[in-house]
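Undergrad: Sending over a structure as structure tokens; questions will come in a sec.
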Amino acid sequence: MAEKKKLKIMVSSTVYGSQDILTQIAAILRQQFGYQVIMSMEGSIYIPVEYMDCPEKACIKAVEECDLFLGIIFPRYGSGITHKEFKEAIRLDRPRWFVAHEKIEYLRKLFEPYLFDKHSRRTNFEIKTNSVLDSIKVVDMYNDVKHNWVQSFSNPGELFFFIEQQFKDHERRVNEINKSI
């Protein structure tokens, strides 16, 4: 009997301060639900020889190779690679889910009058790095994906629950992907 196809799901997120949560997410998706997880933090992104000196290109290439995309927005922006992965998943129209820490939704609403002018164009508004938010660009990430489903979470349990609800039926996701091909 042929082995069932394992869908490749890319988990895209800033890493700093979220390592334990990301490790748990990878374990849930892989061990409980049967996905092949692609995540830079754990080293499961394939690095083509031509991209050995450019982690950003390797990460963008991984978006091209995934079947499903899970973007997680924590209150840390990091290097900006995650933001580029989000944009690439949208550009490629990968099946995608986004989750955002509730702080990001709050900060988005708080800063909205400063982020956009009367013509809805992004202003040059920035903030100094602080203990709550390292860059206003994390709000820009949210704004770039808000036309998709963005699930809010306030604690890891809520995040894990959402992931379970979306990905527990691996076979159903395989069938959905096969129908869309």
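The values are calculated or read from the model by the stated rules, or taken from the named source; none is laboratory data. Everything numeric in this text was worked out from a predicted model, so none of it was measured. Here the Cβ positions follow ideal geometry from the backbone for every residue, glycine too, while neighbour counts run over all protein chains shown. Just so you know, the surface numbers come from the protein's heavy atoms only, side chains and all, with ligands and any DNA or RNA stripped out. Shrake-Rupley method; radii C 1.70, N 1.55, O 1.52, S 1.80 Å.
Undergrad: Which ³J(HN,Hα) values, rounded to whole Hz and listed in residue order, are derived for segment 35-43 from phi using the Karplus coefficients 6.51, -1.76 and 1.60 in 6.51 cos²θ - 1.76 cosθ + 1.60 with θ = phi - 60°, glycine and proline given as x?
TA: Coupling constants for segment 35-43: 8, 8, 8, 10, 8, 4, 4, 9, x Hz.
Undergrad: Hey, any idea what % of segment 36-111's accessible area is carbon plus sulfur with a 1.4 Å probe?
TA: Accessible surface attributable to carbon and sulfur in segment 36-111 totals 50 percent.
Undergrad: Tell me, what is the per residue accessible area of the chain in Å², probe radius 1.4 Å?
TA: Heavy-atom accessible area per residue stands at 58 Å².
Undergrad: Next question. Could you rank the peptides 70-79, 167-176 by their average count of other C-beta atoms within 10 Å per residue, with the highest value first?
TA: Per-residue Cβ counts within 10 Å, averaged per peptide and sorted highest first, yield 70-79, 167-176.
Undergrad: Hey, can you grab everything whose amide H is under 5 Å from the amide H of Gly71? Only 5+ residues off in sequence or another chain; H modelled, so Pro and N-termini drop out.
TA: Ser12, Trp97, Phe98, Val99
Undergrad: For the chain, what number results from the quotient of the Cα radius of gyration and 2.2 N^0.38 Å?
TA: Normalised Cα radius of gyration, the chain: 1.06.
Undergrad: Which far-off residues, 5 or more places away or on another chain, put their amide H under 5 Å from the one on Ser152, with H placed in the peptide plane?
TA: Close amide H contacts, sequence-distant or interchain: Ala100.
Undergrad: Would you please give the residues with an amide H less than 5 Å from that of Tyr77, counting only those at least 5 places away or on a separate chain, with H modeled from the backbone geometry?
TA: Here the answer is Asp134, Ser135, since their amide H atoms fall under 5 Å of that of Tyr77.
Undergrad: Cross-link list Lys4/Lys179; Lys8/Lys61; Lys61/Lys128; Lys109/Lys146: which exceed 24 angstrom alpha carbon to alpha carbon?
TA: The answer is Lys61/Lys128.
Undergrad: Work out the FRET efficiency for Glu50 and Asn178 from their Cβ-Cβ distance, taking R0 = 41 Å, and round it to the nearest 0.05.
TA: So the FRET efficiency works out to roughly 0.85.
Undergrad: OK, next. Based on the mean of other beta carbon atoms within 10 Å per residue, what is the order of 150-162, 120-132, most packed first?
TA: 150-162, 120-132
Undergrad: Next up: Averaging sequence separations of C-alpha pairs under 8 Å and six or more residues apart, then dividing by the length of segment 1-69, give the relative contact order as a whole percent.
TA: 42
Undergrad: Based on DSSP H runs of at least 4 residues, each adding -39500 (n - 2.57), what is the mean residue ellipticity at 222 nm of the chain after dividing by all its residues, to the nearest 500 deg cm²/dmol?
TA: Roughly -13000 deg cm²/dmol at 222 nm, from the helical runs in the chain.
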